[in-house]
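Single-structure report; data block below.
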Amino acid sequence: MSKVIKPFLLCTLLGISFSDYFIPEFKNFDQNDRVIVTAKSNPSTLQNPASSVSASLDVLDDPTTKTEYQRLMQSIGDRVSQLPMDEVLQTVSSQFLGKPYREGLLDRGEIEKLSVSLTEFDCVLFVETVLAFTRNLLATKPTYANFIDQVQTVRYTNGNLDGYCSRLHYFSAWIRDNQKRNIVRDLTAELGGIRLEKRLNFMSSNWQKYPRLKHSESNYQCILAMEEKLELETKSAPLRYIPSPNIHAIYSSLKAGDIIAVVTDIKGLDTTHTGFVYPTAKGFGFIHASLSGKVKVSPDLQRYVERVDHAIGIMVARPQP
């Protein structure tokens, strides 16, 4: 039984790889960025990768990341440091066009350690990297160490890496936590967003697909507690989204570098993909690490979202200087 994923179903299932969830047999990528897969039942679980994610100190000493950082700073550092943040975000994101998509980059190894890449991305890693690099560029004194710190700051609850559960796994929680620290501002409600009635429990409901939950009772209990906390938060401050047919109407309110999260109707899950608004002479595009294989610009945001299987709309968050 073949299924068409338009243009893909998920960037990552909160750490589960796309291929693990569907066990796809890739047939082809057509010109419209559709992924043709063969969906199978009884999905297998990911195996623990042999290599572990680099620790913070290891990242600082990683020659590939450091060399790429220096190259980027030499290429764009001087000419963008005085520009408005939206222009810097667009310039930085453009530097990664064509870089390869890789799934599961944050979930290698058994222990949560800081992973930083400037050469390959999944959708969330792309957003975090561009945002962190931009924040470092606009700092009083940009440094490689500060860039690494910025990645940790946006990825983890309150900016603190304290095990697997400290990572902001649900992207709506990522937006809320970073908004509390004035890193982003959630624009969804003021742009006409409607309530998203959903309990976020995808991870605990699919624990057997997560090696770090399957093999760790403490991680599983921690994720359960995190999801219960999110449930209480959404009761007092409901999640909102802009329905897909309404996206075009908000174009005039969007800026380059606004973070877009594609909202899904999949049970227990909030979003399936992320990227940035990317204005061009032809309209409002969407730059993202695409499962089609690389960082790319899809020319029209609404048209893109309408082609994503199970997508019902978007959340919008604006990075703050």
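Listing for the model above:
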quantity	calculated
Test: residue in the range 281-291 that is surrounded by fewer than 21 Cβ atoms within 10 Å (Cβ to Cβ) and in contact (Cβ under 8 Å) with a residue 60 or more places away in the chain	no
Filtered residue count, the range 105-134, keeping only those that are within 15 Å of residue 275 (Cα to Cα), part of a loop (DSSP other than H, G, I, E, B) and more than 14 Å from the chain's Cα centre (by Cα)	0
Residue that is nearest to residue 91 (Cα to Cα) [pool: residues in the range 123-150 that are of a type in the set (Phe, Trp, Tyr) and surrounded by 18 or more Cβ atoms within 10 Å (Cβ to Cβ)]	133
Criterion violated by residue 265 - all others in (1) touching a residue at least 12 places away in the same chain (Cβ under 8 Å); (2) under 30 Å from residue 134 (Cα atoms); (3) surrounded by fewer than 17 Cβ atoms within 10 Å (Cβ to Cβ) satisfied	(2)
Whichever residue in the range 216-252 is within 30 Å of residue 282 (Cα to Cα) and of a type in the set (Phe, Trp, Tyr) and, among such residues, is nearest to the chain's Cα centre (by Cα)	241
Residue selected from the range 182-223 under the condition basic (Lys, Arg) and under 20 Å from residue 271 (Cβ atoms), by the criterion modelled with the lowest pLDDT	209
Flag for residue 279 being over 15 Å from the mean Cα position of the chain (by Cα), modelled with pLDDT of 95 or more, in a helix (DSSP H, G or I) and more than 28 Å from residue 204 (Cβ to Cβ)	no
Residue match in the range 91-104 (condition: within 14 Å of the chain's Cα centre (by Cα), under 20 Å from residue 256 (Cα atoms) and part of a helix (DSSP H, G or I))	yes
Total residues in the range 159-209, condition in a loop (DSSP other than H, G, I, E, B), charged (D, E, K, R) and over 25 Å from residue 134 (Cβ atoms)	4
Single residue of 106, 83 found to be farther than 20 Å from residue 125 by Cα and modelled with pLDDT of 85 or more	83
Sole residue being outside any helix (DSSP H, G or I) and surrounded by fewer than 21 Cβ atoms within 10 Å (Cβ to Cβ), chosen from 238, 245	238
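The values are calculated or read from the model by the stated rules, or taken from the named source; none is laboratory data. Everything quoted here is computed from the prediction, not taken from an experiment. Positions of Cβ are generated from backbone atoms using ideal geometry, with glycine treated the same way; all protein chains shown enter the neighbour counts.
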